[in-house]
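We did not get these values from a lab; they are worked out from the coordinates using the rules stated. No experiment lies behind these values; they were computed from the predicted model shown. All Cβ positions, glycine included, derive from the backbone under ideal geometry; neighbour counts span all protein chains shown.
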Amino acid sequence: VDRFEPNLRIPGPTALPPTVREVGGRQMINHRGPEFAAMLSRILDGMRPFFGTSREVAMLSCAGTGGLEAAIVNTLSPGDRVLAVSIGAFGDRFAKIASVYGADVAKLDVEWGHAAEPVAVREALSSQGPFRAVLLTHNETSTGVMNPIPELAAAIRETSPHTLILVDSVSALGAVPFAMDDWGIDLVVTGSQKAWMSAPGLAMVAASERGWAAMETARMPRFYLDLRRHRESHAGGETPWTPALAVVFQVDEGIRLMQAEGADSVFARHEACAAATRAGLEALGFELFADARHASRTVTCVRLAEGVEWKALNTAVKKRGVVVAGGQGKLAGQVFRVGHLGSVTVEEILGTIAALEAVALEQGRDVEPGAAVGAAQAAALASRGVGRAAAATA
Ligand SMILES: *Cc1c(COP(=O)(O)O)cnc(C)c1O
C-alpha cells in the first residue's frame, strides 16, 4: 500500500492535484513585490465569482477557525446579542468563539442530521430578539448536512432586517454555488484546504457593505485578524503580515484549475460525486445520517451498520488505500464520513465504494459483489443526465 497514493476521502484537508503540489515547493518570493501583488489580485478576483460578490475578499493566513474568529471579532462588540444556529459540531464551535469574546449568545440547537428550518429561525428571532447577528453554518461537516442558506437568509432579512448574517462556508464555498450579494449575506468564510484543493493555511473572508460598516463600530479586540488592515493592505497588493506563501502559490494554481474546468462543471462534478457516494453507501447497507432533503454535496455521513465497528472498518479500508473519516464529537463510533470535495472524481468515489464493498464481503456481510459500485456508477451518470436511471426520470 505504501507504494500508492492513498485515496484521501476525508472532508479536508483534501487531496492536492499534481500541479498544486508542485507549486507548493516553489522557491519563496518577496511578498512585498510585484509578483506577489499580481498573484494576490488573481486569487481575490478569481474567488469573487465563487463567493457571488462584487466586493472585497480578504485572505488571512490561518486555519478555517481563524476565519470564523475573524468573522466574530471584526463585526461584534462584547455584550451583543447573537443567535447561533447550530446543526452540529462546527455550529457549536462558531457559537463558542462568539461567547469566548463576550457576546451574549442564544443558541438554536437543531437535532444533528437535520438542517435549520427557516420557520424555527424566524420564531427565535421574534421571540428572543433583537439580535445583532445570526451565525449560520452552510455545510455542517460533522453531520453531512447542507443548510438552505438562501431560504434562511430570506427569513432573517424579513424578520429582522438589520441583523448581520455571518456564514461559515468553510467546507462548501467553491464546491457549490453561492451568491452572497443576492442572498443578503454579510460575511462568509472559507478555507484553502477544502474546495480550493490546497494545503491548510489560508482563510478567505468576504463581507457586504453592511459587514464592512459593522467593522468600524465593533469593539471586540483584534489585531492579527483585523479585516480592515487586510483590506487596506490588499488594495496595495500586499497582506499586512507575512502570508503562508507556499499555500498562496497553491491557491493561485487551484483557482486556475477551477477556472479552466469552469464553475458550473466544478459544481456538477461535486453533485455527481455526492450522488455516487450516497447511492454506493446505501447499497452497502449504511443509512444516511443526514435528512435526505438536505444531504451535503461535499461530505456524506452514514451510520455504521449493525455489527460494523469503526476501528475495524477504518483499518480494513486503509489497507486498501482509502482514507475515510470517523465521527466527530458525540458521533464518534456511531458514524463515518466520506469527503467528496475539492480534487475529487467519480472514479475516485467508485474506488472508495469498491474498497468498502470488498471490506463488507471480507467481513461476511450480505452484499453482492459489484452491486454497490454499480449503484454508485448509475447515480453519478443519472446526476449528469446519462443512463437508465436518468431516462426513467426524464
Ligand atoms: C474544516 C471546517 C472548519 C475549519 O476548520 P480548521 O480545522 O480550523 O481549518 C470550519 N467549519 C467547517 C464547517 C469546516 O468543515
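Descriptive notes on the structure:
- Annotation for residue 4 and residue 126: the two label points, set 7 Å from Cα along the Cα-Cβ direction, are 5.7 nm apart.
- With Cα atoms as the point set, the range 120-234 shows a radius of gyration and Dmax of 14.8, 43 Å.
- Each 5 Å bin from zero up to the one holding the largest Cα-Cα distance in the range 54-130 carries the following percent of pairs: 3, 14, 22, 21, 19, 14, 6, 1.
- Rounded to the nearest 500, the 222 nm mean residue ellipticity of the chain from helices alone is -14000 deg cm²/dmol, with -39,500 (n - 2.57) taken per DSSP H run of at least 4 residues.
- For the range 136-233, the list of chymotrypsin sites (Phe, Trp or Tyr not before Pro) that fall in a loop by DSSP and count at most 16 other C-beta atoms within 10 angstrom reads 223, 224.
- Exposed-site-free run, longest, the chain (rule: trypsin sites (Lys or Arg not before Pro); DSSP loop; at most 16 other C-beta within 10 Å): 56-218
- DSSP beta bridges confined to the chain are antiparallel in about 50 percent of cases.
- Checking every one of the chymotrypsin sites (Phe, Trp or Tyr not before Pro) in the range 1-82 against DSSP loop status and a limit of 10 other Cβ atoms within 10 Å picks out 4.
- Built amide H within the under 5 Å cut-off of residue 191, gap 5+: 204
- GluC sites (Glu not before Pro) within the range 31-131: DSSP coil, no more than 14 neighbouring Cβ in 10 Å: 111
- Taken one residue at a time, the phi angles of the range 367-384 give Karplus couplings (6.51, -1.76, 1.60, θ = phi - 60°) of 10, 8, x, x, 5, 5, 4, x, 5, 5, 4, 5, 5, 5, 5, 4, 5, 9 Hz. Gly and Pro are set to x.
- Rounded to the nearest whole Hz, the Karplus-based 3J(HN,Hα) values (6.51 cos²θ - 1.76 cosθ + 1.60, θ = phi - 60°) of the range 71-77 follow the sequence 4, 6, 5, 7, 10, 10, 10, with x at glycine and proline.
- Cα extents of the chain along the three principal axes, largest first (Å): 62, 55, 42
- Applied to the range 126-142, the Karplus parametrisation 6.51 cos²θ - 1.76 cosθ + 1.60 on θ = phi - 60° returns per-residue 3J(HN,Hα) values of 6, 7, 10, x, x, 10, 6, 8, 10, 9, 10, 9, 6, 10, 7, 5, 6 Hz, with x for Gly and Pro.
- Estimated D of the range 322-366 in µm² per second, where Rh is the Kirkwood radius over Cα pairs and Stokes-Einstein applies at 37 °C, 0.692 mPa s: 275
- When the Gaussian network model of the chain links Cα atoms closer than 10 Å, the mean-square fluctuations of 308, 299, 346 top out at 308.
- Dividing the convex hull volume of the alpha carbon atoms of the range 241-326 by its residue count gives 168 Å³ per residue.
- In terms of its alpha-carbon gyration tensor, the range 1-57 comes out oblate; a/c meets the 1.5 threshold, while b/c is at least as large as a/b.
- Cα convex hull, the range 284-394: 119 Å³ per residue, rounded to a whole number.
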